[in-house]
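The values are calculated or read from the model by the stated rules, or taken from the named source; none is laboratory data. Predicted model, so just to flag it, every value in this text is computed and none were measured. So basically every Cβ, Gly included, is an ideal-geometry build from the backbone, and we count neighbours across all protein chains shown.
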Amino acid sequence: MALYVGGTVLSGGGSSLETFRNKIVNGTMDVSQRAQSANSISNSTSTFHTLDRWKLKTLQGGTWGMEQKKLEDYTQQTLGSTDIIPLGSGLKSSLKITCETAEASLASYSYTTLHYALEGRDLQDLSYGTSTPSDSTLSFWVKSNVTGTYIVFFNNTDYAGGISQSYTINSANTWEQKEITIPGDSARKYRDDVNKSLTIDFYVAYGNQSGALNTSWNTVSSSQKATGQVNLAGTVNNEFWLTGVQYEKGSSKTDIEILPYDANLRRCYRYYYKMDSTVQYARLGIGHATSTTVGSITIFPEVAMRIAPSSVDSSNLGLWKTGTVQSVSAVTIDTTTNTKYSTAINCTSTGLTSGDVYQLIGNNSTSSTLALNSEL
């Protein structure tokens, strides 16, 4: 276990390690702004359902439930292999997916994976595309009721290259820590920008396994990505648990970097910034009516987002002026004034007075939400 203390990460023995060496944001599975659980996920390849930065992607690969399991939700922890986190690791949360509808016979295009995307600028220290690229290491805790071979696929989305590595779950329903070392790639670089450059897929089901597994950096065909992968979608109630995911420079893992919750949350805000209400009329923003049906409200995220937000999620909102609330029926982003530092949103309503000041509030609801999306 490693702890973040005053800008320094201390390992279990007290020696200092590089802060923020883990390139995975929310690898400890502590942050889940959208929801703690979701069910009936099928044929979904672009939606974030629960945990921040983690996407459950599935195409004709069964129907799934996805949830965040938190130690704080349990008044008593049962010792043994049924624990929601690996005991003694210092971790407090995990990601769990459960097969709800089976797909025993997978088509060649079928798959289910836990998907993570990284920005190019976070990968520059690996020196890919040079004569001296660095190795990197992925480590994680995993458990499942289905033992056997599982595949992790790394995909360079900038320059069409990929590499797969296998690992084995040896004991059913038992947390096991795995370590995978990825050799550096001198042939392909990562662009130095805020766009997607690398994706990591933790496959749990994969249909096309006709080719040999590709275990070095190459242009990869679909038949070479996950050969040997067990079919976790084959039976209802099969489970896959994941936590403590760390991807770092170097040929061996270091202790898992556990950041304080507030630091982890602020890193997630870069991609998805959500405000929600625990009181009926929470104040969320202020602006003015540009017409009798539109209120323009400016939102200032707590951190600069990755890029100007591309979409907004909202529910149960109203525009308030001197004791009167007008319900908001739709919220869109004003693209003419949208930046990663501030975002103007257009709130569709009725009965507004053009030019007057309005506050955006929760509309008599303790579940009001407003969220800006800058995900990869």
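In the set 193, 185, 201, only one residue is surrounded by fewer than 21 Cβ atoms within 10 Å (Cβ to Cβ) and of a type in the set (Asp, Glu); that residue is 193.
Among the residues making up region 346-362, those that are in a loop (DSSP other than H, G, I, E, B) and either without any contact (Cβ under 8 Å) to a residue 60 or more places away in the chain or touching a helix residue (DSSP H, G or I) at 6+ places or on another chain (Cβ under 8 Å) (or both) are 349, 350, 351.
Looking only at region 174-195, residues that are assigned to a loop (DSSP other than H, G, I, E, B) and farther than 30 Å from residue 305 by Cα come to 5 in all. Quick check on my filter: what residues within region 81-137 are farther than 28 Å from residue 252 by Cα and at pLDDT below 95? If the condition is that a residue be farther than 28 Å from residue 252 by Cα and at pLDDT below 95, then 82 is the only one that fits. Within region 187-212, residues that are farther than 22 Å from residue 231 by Cβ have Cβ atoms under 8 Å from residues that are part of a loop (DSSP other than H, G, I, E, B) and of a type in the set (D, E, K, R) in these pairs: 188/158; 189/158; 190/158; 191/158; 194/306; 197/158; 197/191, counting only partners at least 6 apart in sequence or on another chain. Among the residues making up region 207-245, a single one is part of a strand (DSSP E or B), polar (S, T, N, Q) and buried (at least 22 other Cβ atoms within 10 Å of the Cβ): 243. Taking the criterion of being surrounded by 16 or more Cβ atoms within 10 Å (Cβ to Cβ) and touching a Phe, Trp or Tyr at 6+ places or on another chain (Cβ under 6 Å), the residues of region 307-344 that qualify are 319, 321. Here residue 303 fulfils each of the conditions (1) under 18 Å from residue 33 (Cα atoms); (2) in contact with a Lys or Arg (Cβ under 6 Å, 6 or more places away or on another chain); (3) surrounded by 19 or more Cβ atoms within 10 Å (Cβ to Cβ) apart from (3).
Going residue by residue through region 267-277, is there one that turns out to be touching a strand residue (DSSP E or B) at 6+ places or on another chain (Cβ under 9 Å), in contact (Cβ under 8 Å) with a residue 12 or more places away in the chain and over 30 Å from residue 244 (Cβ atoms)? Yes: one or more hits.
Here residue 326 clears all of (1) farther than 21 Å from residue 48 by Cβ; (2) in contact with a Ser or Thr (Cβ under 8 Å, 6 or more places away or on another chain); (3) in a loop (DSSP other than H, G, I, E, B) except the condition numbered (3).
For residue 171, are the conditions met, namely being assigned to a loop (DSSP other than H, G, I, E, B), modelled with pLDDT of 95 or more, in contact with a strand residue (DSSP E or B) (Cβ under 9 Å, 6 or more places away or on another chain) and surrounded by fewer than 17 Cβ atoms within 10 Å (Cβ to Cβ)? Considered against the rule, which asks whether it is assigned to a loop (DSSP other than H, G, I, E, B), modelled with pLDDT of 95 or more, in contact with a strand residue (DSSP E or B) (Cβ under 9 Å, 6 or more places away or on another chain) and surrounded by fewer than 17 Cβ atoms within 10 Å (Cβ to Cβ), residue 171 comes out as yes. Determine, yes or no, whether residue 290 is more than 17 Å from residue 94 (Cα to Cα), modelled with pLDDT of 95 or more and polar (S, T, N, Q). The answer is yes for residue 290. Within the set 51, 10, the sole residue that is modelled with pLDDT under 95, assigned by TED's automatic domain parsing to the domain that holds residue 110 and of a type outside the set (D, E, K, R) turns out to be 10. Comparison of 265, 372, 319, 360 shows that the only residue that is touching a Pro at 6+ places or on another chain (Cβ under 8 Å) and modelled with pLDDT of 95 or more is 372.
Tell me, which residue of region 111-134 that is out of contact with any strand residue (DSSP E or B) (no Cβ under 6 Å at 6 or more places or on another chain) and outside any helix (DSSP H, G or I) is surrounded by the most Cβ atoms within 10 Å (Cβ to Cβ)? Result: 128. Just checking, which of 35, 104 is of a type outside the set (Asp, Glu), in contact with a Gly (Cβ under 9 Å, 6 or more places away or on another chain) and either over 26 Å from residue 139 (Cβ atoms) or free of Cβ contacts under 8 Å to residues at least 12 places away in the same chain (or both)? Answer to the check: 104. For region 40-74, a residue qualifies if it is among the polar types (S, T, N, Q) and surrounded by fewer than 15 Cβ atoms within 10 Å (Cβ to Cβ), and the qualifying residues are 40, 43, 45, 46, 47. Comparison of 46, 32, 40 shows that the only residue that is over 22 Å from residue 244 (Cβ atoms) and assigned to a loop (DSSP other than H, G, I, E, B) is 46.
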